[in-house]
Amino acid sequence: MHHIRRGSGVPLLLVHGLGGNTHSFDTILNMLAADREVIVVDLPGFGQTPPLEGEVSIGTLCDALTGFLTEQDLIGIDAVGSSMGARLVLELARRGGVLGAVVSLDPGGFWRGWERHAFNASIWLSIRLIRVLQPVLPRLTRHPLSRSLLLLQFSARPRTLPPQIVLTELCSYAESPSFDELLHNLSYGQEQQGAPRGSIAQPLVIGWGRRDRLCFPNQAARAQELFPDARLHWFEHCGHFPHWDAPEETVRLILATTGDHGGSGADGSLSR
């Protein structure tokens, strides 16, 4: 599994969303690396990591990520996930014994009824548009207006985002060989299971943007109901990616949630 490491200190894992890659967190990477050793992965089928053989789902990605952490002697690491990655870290927290403290930013998978179809249809249409526009994306992402139109689902402040970050993210969506299968499984596959109160001992925070147009804010209550040990944090002026719209606030939340407890998992393997 391709990954990068930055900084030193208590290890911290960053897990991107559907279609993303290691660069999805470029807005906060350097700030986090000033206090932590940050490990950012390309999940299978994204960035520079080859796709999985067989089914691509939340379950198989969690298995692959657990295998990576085992190989790297990182079991018990604190973790931050965004969107689909936020659901992955919640699932690993539910399984237990894999992660330490967890920050889950706007996790997918808590939709109901029409919301499920709206999520699938909007992303299905968006990825096809991005693939068609890929040859002209460098030009489109340079201009605030076209950049805003491309990012309506993801950001409440697209005009302020660095064009190179937007271009890299959108190209990653278009080039992923696992995008379509995973989108279908996210939308219509197994629903996210919860964790009974008291079953997650490590700190757990679910962050949600008040202006999220992809995973609507009302879904936050469902996520907290399934994970009653979690604390809910609202990002008041953010869309689906708080680390894009409010990077400083996101870093403060991550640093306040992780590290202080020693960064240890169930077996204490990362205690420092």
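Before we move on, is residue 59 in contact (Cβ under 8 Å) with a residue 40 or more places away in the chain, farther than 24 Å from residue 222 by Cα and more than 14 Å from the chain's Cα centre (by Cα)? No, not satisfied. Of the strands (runs of 3 or more DSSP E) lying entirely inside the range 30-112, those containing at least 2 residues that are small (Gly, Ala, Ser) and surrounded by 24 or more Cβ atoms within 10 Å (Cβ to Cβ) are 77-82, 99-105.
Count of the range 74-123 residues, restricted to those that are on the phi > 0 side of the Ramachandran plot and either touching a strand residue (DSSP E or B) at 6+ places or on another chain (Cβ under 9 Å) or of a type in the set (Lys, Arg) (or both), is 3. Counting the residues of the range 66-88 that are of a type in the set (A, V, I, L, M) and under 17 Å from residue 190 (Cβ atoms) gives 3.
Being assigned to a helix (DSSP H, G or I), in contact with an Asp or Glu (Cβ under 8 Å, 6 or more places away or on another chain) and either modelled with pLDDT under 95 or of a type in the set (Val, Ile, Thr) (or both), is that true of even one residue in the range 185-201? Yes: the range 185-201 contains one or more residues that are assigned to a helix (DSSP H, G or I), in contact with an Asp or Glu (Cβ under 8 Å, 6 or more places away or on another chain) and either modelled with pLDDT under 95 or of a type in the set (Val, Ile, Thr) (or both).
The set of residues in the range 1-20 being touching a residue at least 40 places away in the same chain (Cβ under 8 Å) and either under 20 Å from residue 251 (Cβ atoms) or assigned to a strand (DSSP E or B) (or both) consists of 3, 9, 10, 11, 12, 13, 14, 15, 16, 17, 20.
Please enumerate the residues belonging to the range 118-144 that are out of contact with any helix residue (DSSP H, G or I) (no Cβ under 7 Å at 6 or more places or on another chain) and without any contact (Cβ under 8 Å) to a residue 12 or more places away in the chain. Hits for the range 118-144 are 118, 121, 125, 128, 129, 132, 135, 136, 139, 143. Close contacts from the range 198-218, counting a first residue that is closer than 22 Å to residue 236 by Cα and a second that is modelled with pLDDT of 95 or more and among the acidic types (Asp, Glu), with Cβ to Cβ under 6 Å and a gap of 6+ residues or different chains, come to 204/229; 208/106; 209/106; 210/236; 212/106; 215/106. The residues of the range 141-172 that are among the aliphatic types (A, V, I, L, M) and either assigned to a loop (DSSP other than H, G, I, E, B) or crowded, with 18+ Cβ neighbours inside 10 Å (or both), listed by number, are 150, 151, 152, 156, 161, 166, 167, 170.
The values are calculated or read from the model by the stated rules, or taken from the named source; none is laboratory data. Just so it is clear, the structure is predicted and the values come from calculations on it, not from any experiment. All Cβ positions, even for glycine, are placed from backbone atoms using ideal geometry, and neighbour counts span all protein chains on display.
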